[in-house]
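Presented below is the structure to which this report refers.
The values are calculated or read from the model by the stated rules, or taken from the named source; none is laboratory data. What you are looking at is a predicted structure, and each value in this text was computed from that prediction instead of being measured. Note: ideal-geometry Cβ built from the backbone for every residue, glycine included; neighbour counts use all protein chains shown.
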Amino acid sequence: MISEEYVQEHLNDFFNLAERNNLELTFFEYVTCLALKYFNDMNLKYVSWETGLGGRMDSTNIISSPLISIITTIGYDHMHILGNTLELIAKEKAGIIKQNCPVVIGPKSKPYEIFIKEAQQKNADLTIVQGEFQDFNDENNAIVMAASKILMEKYQFKLNNFEEVLKIKQPCRLEQFNIQNDKGDNIKVYLDVGHNEQAIKSVLDLLKDQKIICIYGASNDKDITSCLQLLKQNCHQVYMVQAKNNRAYQIKQLLGSDEIKILYDGDISKTTLEIVNKVCQIDQVILVIGSFYIMDEVRMILKICQTQCDFK
């Protein structure tokens with residue numbers, strides 16, 4: 001984990017450098033610069049690096065010769081930049097494919113033909129992961145296995161305890177906790193950063209037998225209408241909250257809606273405590289879903305430390 005001291009020291013250096021050169025960088029571009037410096041300072045030999053919006057215009061795409069590129073899914077996200085059809089989005093995502101660099105795409109990365117064409121033009125060996133999977137964890141594991149096979153065969157990687165690696169679950173990816181409320185009852189809470197319709201549907205499919213009280217917060221560039229419609233159809237109650245940053249969706253636009261509940265003007269901490277202690281019944285579960293920006297505050301108010309993640 002990168003220390004706060006490192007971030008503060010070197011991020012300020014990048015701020016000053018950009019100012020001296022009259023450059024206007026986005027937050028993610030600053031983070032990309034910081035990450036590259038950190039990788040270099042730590043003398044890292046290999047890095048598994050997740051993109052932001054992904055594809056041609058992503059700042060992480062500055063890496064010209066990766067060992068492997070992976071495209072997991074294609075969905076309706078970042079449409080104001082990538083386009084409003086799967087074909088346009090796929091064309092932008094295909095920008096991650098590099099000359100002579102192997103590429104793996106997941107079963108939901110359709111239309112396949114766009115990636116096949118780009119891979120042929122770049123002389124890139126293409127692996128398409130296909131099959132029926134029980135849930136998104138199984139699907140992701142299949143993608144990891146396909147990529148790992150390439151790393152072992154092409155680059156002679158030695159991956160020990162591989163099966164144990166596949167058991168690891170990322171924080172805020174259907175992460176589960178038991179929280180004790182004021183009455184002493186154990187309340188099951190799930191945290192997930194699904195922020196588009198496709199990702200939310202995957203989560204709801206896994207919780208389809210549960211009675212869900214949902215806390216939802218999103219950034220203003222997401223398809224809020226479609227996501228809320230999906231949540232309303234599958235959850236017992238939906239509460240909207242708003243993160244304390246400029247990218248947050250302004251929930252005042254939803255005031256007066258009969259189906260969406262807003263407590264304490266969308267305050268994350270107060271709403272979360274109200275639902276845990278007064279709203280959620282013992283036969284119900286709480287799903288906190290949406291932006292990364294709401295997760296930190298939910299963790300803090302529920303006293304969930306990052307190191308207490310359930311990786312089982």
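Tabulated results
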item	result
Test: Gln253 is surrounded by fewer than 19 Cβ atoms within 10 Å (Cβ to Cβ), touching a strand residue (DSSP E or B) at 6+ places or on another chain (Cβ under 8 Å) and either in contact (Cβ under 8 Å) with a residue 60 or more places away in the chain or of a type in the set (S, T, N, Q) (or both)	no
Hits in region 75-107 - residues which are of a type outside the set (Gly, Ala, Ser) and under 25 Å from Lys154 (Cβ atoms)	Lys93, Ile96, Ile97, Lys98, Gln99, Asn100, Cys101, Pro102, Val103, Val104, Ile105, Pro107
Selection status of Val298, touching a Ser or Thr at 6+ places or on another chain (Cβ under 6 Å), surrounded by 13 or more Cβ atoms within 10 Å (Cβ to Cβ) and outside any loop (DSSP other than H, G, I, E, B)	yes
Some residue of region 213-220 being among the aromatic types (Phe, Trp, Tyr), at pLDDT below 95 and either under 20 Å from Glu297 (Cβ atoms) or surrounded by fewer than 14 Cβ atoms within 10 Å (Cβ to Cβ) (or both)	no
Selected residue [outside the structural domain of Ile105 (by TED's automatic domain parsing) and either farther than 20 Å from Gly106 by Cβ or modelled with pLDDT of 90 or more (or both)] from Lys188, Lys149, Lys154, Lys158	Lys188
Selected residue (only one of Ile63, Ile97, Ile68 is more than 26 Å from Asp223 (Cα to Cα) and in contact with a Pro (Cβ under 6 Å, 6 or more places away or on another chain))	Ile68
Any pair with Cβ under 9 angstrom, 6 or more apart, that starts in region 68-79 at a residue that is free of Cβ contacts under 8 Å to residues at least 40 places away in the same chain and among the β-branched types (Val, Ile, Thr) and ends at one that is surrounded by fewer than 21 Cβ atoms within 10 Å (Cβ to Cβ) and part of a loop (DSSP other than H, G, I, E, B)	Ile74/Lys110; Ile74/Pro111
Members of region 252-267 found to be among the hydrophobic types (A, V, I, L, M, F, W, C) and either at pLDDT 90 or above or not in a helix (DSSP H, G or I) (or both), listed by number	Leu255, Ile260, Ile262, Leu263
Region 273-291 residues that are closer than 21 Å to Arg173 by Cβ, paired with ones that are acidic (Asp, Glu) and crowded, with 21+ Cβ neighbours inside 10 Å (beta carbon under 9 Å, 6 or more apart)	Leu287/Asp192; Val288/Asp192; Ile289/Asp192; Gly290/Asp192
Qualifying residue in region 268-284 (condition: under 19 Å from Ile187 (Cβ atoms) and assigned to a strand (DSSP E or B))	no
Evaluation of Leu88 against (1) of a type outside the set (S, T, N, Q); (2) at pLDDT below 95; (3) not in a loop (DSSP other than H, G, I, E, B); (4) not assigned by TED's automatic domain parsing to the domain that holds Gln130 (one fails), failing number	(4)
Extreme residue, modelled with the highest pLDDT, among residues of region 1-24 that are under 22 Å from the mean Cα position of the chain (by Cα) and surrounded by 10 or more Cβ atoms within 10 Å (Cβ to Cβ)	Val7
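Yes/no per residue for (1) assigned to a strand (DSSP E or B); (2) buried (at least 18 other Cβ atoms within 10 Å of the Cβ); (3) within 20 Å of the chain's Cα centre (by Cα):
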residue	(1), (2), (3)
Tyr30	no, no, yes
Asp77	no, yes, yes
Lys93	no, yes, yes
Cys101	no, yes, no
